[in-house]
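What follows is one structure encoded as structure tokens, with my remarks underneath.
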Amino acid sequence: MFKRKLTALDYNDPIGCDITDEKQWRNVIVWLEDQKIRHYKIEEREALRNISSSSWPEALKQYLVDLQCPEDPAQRVASFDWLLGHAVRLVYGESVDKFKAAQPIERGADGKPKAASDDPFHHLDVNSPEFKSGLVSLATQLNMPRHEDPLVLLKAIAIIIKERLSKEAISTAGQKDTGIQLQLKNIDAGFEIKDPALLEAAKVLRLLHIQDLRDLQTKINETIVGVQSITANPKTDQRLGTVK
């Protein structure tokens, strides 16, 4: 029943929000104050943010009093509906011109918004169970770790496919680097061994160790680049309404 208001406020899971769950209830209240209402100063939000405290219900009651909420704090549904409406009014008041200039969304016969015809992915619902299931299956096949945000996971998969499964990557996958031809007699083992056979074996082991270190450094660099490509945007995503 709160889906529309939560969606308007860019909450990360407007459909799955369950205020009968105590943890979700406390998290979403803190998210509303931190991201939308902002009635308290940051340093004044400590009691409300301490969601594991036994005195949290009292902090909520005081919060509703400070907001002049007319609803009974014991009536969770009514109180939450009022808070959502209050948050929507505040968001609208901050950007009146923006909302007045917004164009109405064209909807189809099924009531769903029409997407631009030139967008090949307009029919995809990234939050649907089918899409998430397919995304997880693809990530498993690519030996990738899962991520709770389907958009982040989709972006990571796109990066892997582009870097590892593109035509250029596939065409060079079977090619071996012949490297530089070296003579063992010109390699310094780094220590002295009188036995010539052991000395050559030590030189070979040293070269293999150096190669392993180079491969490790390459993988580390690839990992850093991959992570940076996902986390490079420093903007705060206000849709993430989880308080830890």
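Condition (residue is under 30 Å from Q35 (Cα atoms), modelled with pLDDT of 80 or more and open to solvent by 90 Å² or more (accessible area, probe 1.4 Å)) applied to segment 156-179: is it met by at least one residue?
Within segment 156-179 (the criterion being under 30 Å from Q35 (Cα atoms), modelled with pLDDT of 80 or more and open to solvent by 90 Å² or more (accessible area, probe 1.4 Å)), the answer is no, since none of the residues qualifies.
All but one of (1) surrounded by 10 or more Cβ atoms within 10 Å (Cβ to Cβ); (2) modelled with pLDDT of 60 or more hold for N143; state the number of the condition that does not hold.
(1)
Just to be sure, is K3 open to solvent by 50 Å² or more (accessible area, probe 1.4 Å) and within 25 Å of S128 (Cβ to Cβ)? Steps first, answer last, please.
Numbers: open to solvent by 50 Å² or more (accessible area, probe 1.4 Å): yes; within 25 Å of S128 (Cβ to Cβ): yes.
Taking the combined requirement at face value, the residue satisfies it.
Quick one: Q68 ticks every box in (1) part of a loop (DSSP other than H, G, I, E, B); (2) open to solvent by 100 Å² or more (accessible area, probe 1.4 Å); (3) over 30 Å from R38 (Cβ atoms); (4) modelled with pLDDT of 80 or more bar one, so which box is it?
(3)
Residues are listed down the side, and each one gets a yes or a no for (1) over 20 Å from the mean Cα position of the chain (by Cα); (2) outside any helix (DSSP H, G or I); (3) modelled with pLDDT of 85 or more:
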position: G190; (1), (2), (3): yes, yes, no
position: D212; (1), (2), (3): yes, no, yes
position: K219; (1), (2), (3): yes, no, yes
position: Q228; (1), (2), (3): no, no, no
position: P234; (1), (2), (3): no, yes, no
position: R239; (1), (2), (3): no, yes, no
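Could you identify the single residue in E33, E58 that is among the charged types (D, E, K, R) and in contact with a His (Cβ under 8 Å, 6 or more places away or on another chain)? Can you show your working first?
Numbers: E58 fails: in contact with a His (Cβ under 8 Å, 6 or more places away or on another chain).
Being among the charged types (D, E, K, R) and in contact with a His (Cβ under 8 Å, 6 or more places away or on another chain) holds for just one of E33, E58, which is E33.
Only one of (1) open to solvent by 20 Å² or more (accessible area, probe 1.4 Å); (2) within 23 Å of the chain's Cα centre (by Cα) is not met by S54, so which one is it?
Here S54 meets the rest and fails (2).
Sort out which residues of segment 15-44 are open to solvent by 30 Å² or more (accessible area, probe 1.4 Å), in a helix (DSSP H, G or I), farther than 18 Å from R89 by Cβ and touching a residue at least 24 places away in the same chain (Cβ under 8 Å), and write them in order of number.
K23, R26
The values are calculated or read from the model by the stated rules, or taken from the named source; none is laboratory data. Note that the structure is predicted; figures quoted are calculated from it, not measured. Backbone-built Cβ (ideal geometry, glycine too); neighbour counts: all protein chains shown. Ligands, DNA and RNA are stripped out before the accessible areas are found, and what is left, the full protein with its side chains, is counted by its heavy atoms. Shrake-Rupley method; radii C 1.70, N 1.55, O 1.52, S 1.80 Å.
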